[in-house]
Structure formats: structure tokens, C-alpha cells
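Worksheet: one structure, shown below.
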Amino acid sequence: MDTNTNFTLAIEDLTVSFDGFKAVDALNFYLDKNELHVVIGPNGAGKTTVLDLICGKTKSTEGSIKFLNKELTKMAEHEIVRAGVGRKFQTPSIYENLSVLENLEISYPYGRGVYGSLTFKRNKTVLDKIHEIAKQIMLDDALDTEAGLLSHGQKQWLEIGMLLIQDPQLLMLDEPVAGMSVKEREQTAELLNKISEGRSVLVIEHDMEFVERIADKVTVLHQGKILATGDMETVQNDPKVIEVYLGH
């Protein structure tokens, strides 16, 4: 069936087994354009594995992952990034000894790989883009600051900025507010709401209060399967969800 055309991401019958254990089990999942979708679930539910499958870090046993109608299961990790999928892991991978500006510059697409950096010139287009992104991630006053000196929350924002500068159509974030202060969480909620205008954002999160503030849609994973999906209120009142989260 071809229901995929309007979705940014369409996952169908996705399964991955590790030594006979199904970490993700016949999963069907759809992500709309401009949708901020949060995946929640107890530890071991398969949440991070789903991100690993989408970005090509883990290969599926069966099923299909279509991103803007391109089949990702056949592509290598770097091809998936180039196609427009950006992913932030739990621990920020920024260059601590470089400035905020240099971190953003290194992430700028075309050319700033190993070869590109030899021919790369800091031109107006690049600088304009860096300033635009820095403003979005609330670091426009910290462009000359060494990244290692930023607060924990600011480091997370910088890493989001390093992905945004590549203009992905799908941005995946794994527990973006872990370890943040209350104020940083609020600012991050605003940031995520902003960046989901014009792209799809998929977030894995444990902090339910935060989920409530950002999610258009919530999916609950349990033992590699979808337990419930819908808006926050629907999901919170679902008897199966209540049992998994509160009942055992």
C-alpha cells in the first residue's frame, strides 16, 4: 500500500532482532511534515534502537523506512545524513576547544570535511547562516566563547545548531533536556517548537512535563511495539499506558 507520499517518515513492519530477541517488532510509525513527535516508553522499550535504525547505525532484519519516499534501509549512514536526516545523541559531541562560531562553521555543509576545509573560505553566506542559527539557539552573544566553557544546556543547544546549519528535513533528538536546569528546559521547549516549523522533529524523552510542552503527538513504545499514539492527553489516559507506567 502506498500511503507514504505525504509523510516525512513512513516506517512499516520494521523489525530488528538481536540473537532472537526482537528489540523492535513489526513497527509501523508515521511522521508528518512540520510535526514534533515525542517517543516515550520504559527503559528497554526500543526507543534508541528506532533512531539507530532510521539513521543507519543498526540495520533492520525486515521492514521499510521511507524518508521523503527514499528507502533508508538500503543506504549507508553518511548517505542518510546527506539525504537530510540529522541526529543528536544523548551526550553532546561538540568541539570543546573551538569557539561556538567555529563549531557551527565546521558543521556547515559543502566542503568543510577534511578536503573541503583546505579550500573553505569564510564568506558572507556562511557567516550570515552562522549568525542566523546562533540567534535561534540563543548563543548569538557567545559566538567567540570556547565551547568547553558553555553551560550543559548551552552545549546541547550548540549541538542542535550544528545539525540545524545542515538544514535537515528530519531532526532526531535523544533526551535533549537531560541534566538541564528548569530555565534551560523552558528555553529548549521554545527552541524545539520553533525549529519544527519547516521540518519534522522526532524526540525521545523521559521528562513528562517537558513532553507535554512540546509534543504535537506522542507515541508510547513498549517491548519494541507501539502501545499507544495520539496527543498527550489521549496517551496519558490510555489504560494500557497507565498499566505499563504505573501498574507493574
Take Leu191 and tell me if it is of a type outside the set (Phe, Trp, Tyr), under 23 Å from Ile54 (Cβ atoms), surrounded by fewer than 22 Cβ atoms within 10 Å (Cβ to Cβ) and at pLDDT 95 or above. yes
Kindly provide the set of residues from the stretch 62-97 that are surrounded by 15 or more Cβ atoms within 10 Å (Cβ to Cβ) and of a type in the set (Val, Ile, Thr), ordered by number. Ile65, Thr73, Ile80, Val81, Val85, Ile94
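This table checks each residue for (1) within 29 Å of Asp231 (Cα to Cα); (2) modelled with pLDDT under 95; (3) exposed (fewer than 13 other Cβ atoms within 10 Å of the Cβ).
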{"residue": "Gly113", "(1), (2), (3)": "no, yes, yes"}
{"residue": "Met138", "(1), (2), (3)": "yes, no, no"}
{"residue": "Leu143", "(1), (2), (3)": "no, no, no"}
{"residue": "Pro176", "(1), (2), (3)": "yes, yes, no"}
{"residue": "Val182", "(1), (2), (3)": "yes, yes, yes"}
{"residue": "Val203", "(1), (2), (3)": "yes, no, no"}
{"residue": "Asp207", "(1), (2), (3)": "yes, yes, no"}
Scan the stretch 27-55 residue by residue and report those that are small (Gly, Ala, Ser) and surrounded by fewer than 21 Cβ atoms within 10 Å (Cβ to Cβ). Gly44
Selection status of Asp238, within 23 Å of Gly86 (Cα to Cα), surrounded by fewer than 20 Cβ atoms within 10 Å (Cβ to Cβ) and either out of contact with any Gly (no Cβ under 6 Å at 6 or more places or on another chain) or among the aromatic types (Phe, Trp, Tyr) (or both): no
Residues that are under 17 Å from Gly179 (Cβ atoms) and in a loop (DSSP other than H, G, I, E, B), drawn from the stretch 139-154: Leu150, Ser151
Quick one: is Ile204 more than 19 Å from Val244 (Cβ to Cβ) and assigned by TED's automatic domain parsing to the domain that holds Val244? no
So the check is Cβ under 7 Å with 6+ separation or different chains; which pairs have a first residue in the stretch 87-116 that's over 25 Å from Thr48 (Cα atoms) and among the small types (Gly, Ala, Ser) and a second one that's part of a helix (DSSP H, G or I) and at pLDDT 90 or above? Ser99/Ala147
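The values are calculated or read from the model by the stated rules, or taken from the named source; none is laboratory data. Computed from a predicted structure; not experimentally measured. Every residue, glycine as well, gets a Cβ built from its backbone with ideal geometry; the counts of neighbours run over all protein chains shown.
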